[in-house]
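The structure appears right after this line, and notes come after that.
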Amino acid sequence: MAKLQRKSISKRTVDGLSAGKDMVWWDSELPGFGVRVYPSGSKIYIAQTRVKGRSRRVTVGRHGVITADQARQRAAQIITRVKAGEDPITAPQAPKPAAGPTVAEVATTYLEEHVAHRCKPTTAAQRRFVIEKYILPALGKMPLAEVTRERVATLHHDLRATPATANMALATLSRLFAMAEALGLAPEGGNPCRYVVKYREQSRERFLSDVEFERVGTMLAEMEAEGRLSVHAAAGIRLLMLTGCRRNEIATLRWDDVDLDAGEIHLRETKTGARTVSLSPAAVRVLSELPRVADTPWVIAGPRPGTHIGNLGEQWRRVRVRADLGDVRLHDLRHSWASRALALGESLPMIARLLGHAKIDTTARYAHLERDSVHEAAARIAASIGTDLLDGGAGTNAQRHG
């Protein structure tokens, strides 16, 4: 949030406000009355006060739907009610059109004012796809106020064949309603997605075996030599196997972020923020031998000048078919890296750090592999002791009775 600034809020001053980022302007006459200006230029009146040491902020209404004077009057009522311990929702509501905006109209606002400025490119693309592919065809023409829990449950149920997609659509629609509440386009506490139960998602686990790792290495070398796979695509796949990085982290890696002397790469954009990845000697060798393309900053260069590779998944599909790996996804190489780390005795917290997981819960999916490794180690240790204990003891008893 930008530094607080004060003006006397009127239609003229609010019309003249603009911001390159999310900002709040506070009224000089009524403490706690303000207008929030979004990067898109959308302006929302707000009321804020403190009760028992805690700050409470309530959306008053959207500029253009209510006037500045109406907003100030309602803000004063809301602040009074909050300080008295009453529910501000019962304060007079701002006048709105009978039907209100449609889901499609609010979705446009959500994508332009929230997603475009607050989400990373991959997340933004995913949410736009879900909205355009699933939410708008089902609900787009409906007024937002008429979307009931039953309609949301029907949308969710219609996608039951793909539980992950169904849950993603539900979560995206819920976020859309949350933004609509903040903008005064929907009543507070009226999110119809709230009590729709998500489907249980079965985690898909597929790890490459030692033999499969070797087979992939052989196929990469053969396909590269035959000209069926570019040297950069082959290097990208090798780096995914050697670092455990995500596909986009390698595909968008820049030479400026590679430090071969230190044995590190610096990732600018990841799901959990910027991070540094340590390189093994094998990964350093892959990068050292990879030719640089002139006037291209990207390590994994694409076929067109100045671009990075954009179809690494398709390149991997060709490799896995030739290596007879079935349905192994490119992301399964990351799982395989974690599996190998556990087999070598690394702890879950260490693997979480190496993979760039923000929460240990994400790494906990590999807990059963850790237990398997512990069981195998215990069996090896017990077998070694058992040989001395039981076989040695049997020999001693035989000598004693001989």
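Given the Cα atoms of segment 10-51, and with Rh set as the inverse mean 1/r over their pairs in the Kirkwood sense, what is Rg to Rh to two decimals?
Rg/Rh: 0.98.
For residue 105 and residue 285, compute 0.36 nm times the residue count separating them, minus their Cα-Cα distance, and round to one decimal in nm.
Here the answer is 59.6 nm.
In nm, give the distance between the simple-model label positions of residue 278 and residue 388, each being 7 Å from the Cα along the Cα-to-Cβ direction.
Those two pseudo-labels are separated by 3.3 nm.
Once both axes come from the Cα atoms, what is the angle between helix 149-158 and the longest principal axis of the chain, in degrees from 0 to 90, rounded to 10?
Tilt of helix 149-158: around 30 degrees.
Of the listed pairs 43/120; 83/141; 21/83; 7/271; 52/359, which have alpha-carbon separations greater than 29 Å here?
Exceeds cut-off: 83/141; 21/83; 7/271; 52/359.
Bins of 10 Å, beginning at zero and ending with the bin holding the largest distance: percent of Cα pairs per bin for segment 279-363, please.
14, 30, 38, 16, 1
Can you give the FRET efficiency to the nearest 0.05 for residue 269 and residue 54, using r as the Cβ-Cβ distance and R₀ = 41 Å?
On the way: r = 35 Å, r/R0 = 0.85.
Given R0 = 41 Å and the Cβ-Cβ separation, E is 0.70.
Using alpha-carbon pairs under 8 Å, 6+ residues apart, how would you state the relative contact order of segment 103-182 in percent?
40 percent
Remind me, relative contact order of the chain in percent, using alpha carbon pairs under 8 angstrom and six or more residues apart? The partial results should precede the final answer.
Numbers: 496 pairs, mean separation 36.8, N = 402.
About 9 percent, as a whole number.
Counting other C-beta atoms within 10 Å, which of 7, 141, 52 has the fewest, and how do the rest follow?
Placing the least packed residue first, the sequence is 52, 141, 7.
If all Cα-Cα distances of segment 223-359 are sorted into 5 Å bins from 0 onward, what percent lands in each bin, rounded to whole numbers?
Final binned percentages: 2, 10, 19, 23, 21, 15, 8, 2, 0.
What order, most packed first, do the peptides 126-134, 227-235 have when packing is the mean number of other Cβ atoms within 10 Å of each residue? Could the numbers behind the result be given before it?
Numbers: 126-134: 17.1, 227-235: 19.1.
Taking the mean over residues of other Cβ atoms within 10 Å, the ranking is 227-235, 126-134.
Taking only DSSP H segments of four or more residues, each worth -39500 (n - 2.57), what value at 222 nm results for the chain once the sum is divided by all its residues, to the nearest 500 deg cm²/dmol?
-13500 deg cm²/dmol
Run the Debye formula on the Cα coordinates of segment 5-90, all scatterers equal and no solvent, and tell me log10 I(q)/I(0) at q = 0.13, 0.17, 0.25 1/Å.
-0.38, -0.64, -1.23
When you have a sec, figure out the Kirkwood radius of the chain from all distinct Cα pair distances and drop it here in Å to one decimal?
On the way: mean 1/r = 0.0383 Å⁻¹.
Result for the chain, one decimal place: 26.1 Å.
Given segment 103-182, what whole percent of its Cα pairs are spread farther than 15 Å? Can you show the working numbers first?
Details: 1656 of 3160 pairs.
Of all Cα-Cα distances in segment 103-182, 52 percent exceed 15 Å.
Quick check: residue separation of residue 11 and residue 255 times 0.36 nm, minus the Cα distance between them. What number comes out in nm?
Answer, rounded to one decimal: 82.7 nm.
Dipole size in debye (nearest 20) for the chain around its Cα centre, Lys and Arg Cβ +1, Asp and Glu Cβ -1?
1840 debye
At 7 Å along Cα-to-Cβ for each site, give me the label-to-label distance between residue 205 and residue 164 in nm.
With each label placed 7 Å out from Cα toward Cβ, I get 1.6 nm.
What FRET efficiency, computed as 1/(1 + (r/R0)^6) with R0 = 22 Å and r the Cβ-Cβ distance, is obtained for residue 153 and residue 181, rounded to the nearest 0.05?
Between residue 153 and residue 181 the formula returns 0.65.
Quick one: which residues, 5 or more positions from residue 67 or on another chain, have an amide H under 5 Å from its amide H? H modelled 1.01 Å from N in the peptide plane, none for Pro or chain starts.
Under 5 Å from the amide H of residue 67 lies no amide H from a residue far enough along the sequence or on another chain.
Of the options 100, 171, 351, report the single residue whose Cα projects farthest towards the positive end of the charge dipole of the chain (beta-carbon charges: Lys, Arg +1; Asp, Glu -1).
The residue sitting most towards the positive pole is 100.
What's the extension gain from residue 381 to residue 198 if we count 0.36 nm per residue and subtract their Cα-Cα distance? Mind showing how you got there, number by number?
Working: separation 183, 0.36 × 183 = 65.88 nm, distance 4.40 nm.
Full-extension gain reported as 61.5 nm.
Taken together, the values in this text are just the output of simple stated rules run on the coordinates, not laboratory data. Bear in mind that the values here come from a model prediction, so they are computed numbers and not experimental data. Methodologically, a virtual Cβ is constructed for each residue, glycine included, from the backbone with ideal geometry; neighbour enumeration extends over all protein chains shown.
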